[in-house]
Amino acid sequence: MLTRQQKEDQVTELKDKFERATSVFVADYRGLGVLQMEALRGGLRKADSSDAEFRVAKNSVLRLASQGGPAEGLQEHFTGTTSIAISFGDPVALAKTLVDYAKANEQFELRGAVLDGEVLDASGVQHLSTLPSLDELRGKIVGLLQAPATKLVRLLNEPGAQIARVISAKGSEGGE
């Protein structure tokens with residue numbers, strides 16, 4: 001059993017993490033074994049959501065830590081067996097990992113999340129997981145930025161290439 005000081009330390013630590021987080025997810029883990037929980041933690045480390053943390057905490061500690069902060073809207077979800085996942089980076093990558101895990105493990109039930117101060121229900125988390133991740137969006141932006149430059153280079157290169165083909169064709173005609 002935790003001492004009062006340990007609980008106060010946990011509240012302080014969680015309050016700080018809630019303040020720094022880009023998103024916080026709440027899930028019910030009832031029925032999952034230790035190995036299944038470790039598999040989820042391992043999946044979070046391997047995935048794009050490596051800048052995330054998953055933990056089980058007492059509901060009373062979570063309620064106290066979320067009071068007056070960005071995660072306050074999640075208090076209704078702090079009942080029963082509660083686990084939280086906190087993202088300090090890309091929230092979409094964490095949402096994808098959690099939704100995929102929930103599909104594979106029926107006992108793991110996502111209850112809700114808070115994303116930039118907006119409270120999401122379970123269907124909102126599901127929708128968030130379908131969005132492109134931050135890395136995918138960066139790739140698309142780079143592709144969009146490179147496309148005009150590539151077309152411009154081809155356009156500028158084409159007259160010289162046409163002259164070279166004409167000279168090459170003339171040279172091959174004279175040789176016959």
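For the reader, a short list of remarks on this structure follows.
- Sum of -39500 (n - 2.57) over DSSP H runs of 4+, divided by residues of the chain (222 nm, nearest 500): -19000 deg cm²/dmol
- Sorted by Cβ neighbour density within 10 Å, fewest at the top, the residues Glu118, Glu109: Glu118, Glu109
- Where Rh is the Kirkwood radius over Cα pairs, Rg/Rh for segment 2-126: 0.94
- Normalised by the number of residues in the chain, the average gap of Cα pairs under 8 Å and 6 or more apart makes the relative contact order 26 percent.
- A quarter of the convex hull surface defined by the alpha-carbon atoms of segment 73-176 gives 11.9 nm² as the mean projection.
- Cross-link reach list, lysines versus Lys96, counting only Cα pairs under 24 Å and skipping chain neighbours closer than eight places: Lys17, Lys46, Lys140
- Taken along the Cα-to-beta-carbon direction at a fixed 7 Å, the label points for Met1 and Gln126 span 4.1 nm.
Each value in this text was obtained by applying a stated rule to the coordinates, not by laboratory testing. For clarity, every value in this text was computed on a predicted model and none was experimentally measured. Glycine also receives a Cβ, built like all others from the backbone with ideal geometry; neighbour counts cover every protein chain displayed.
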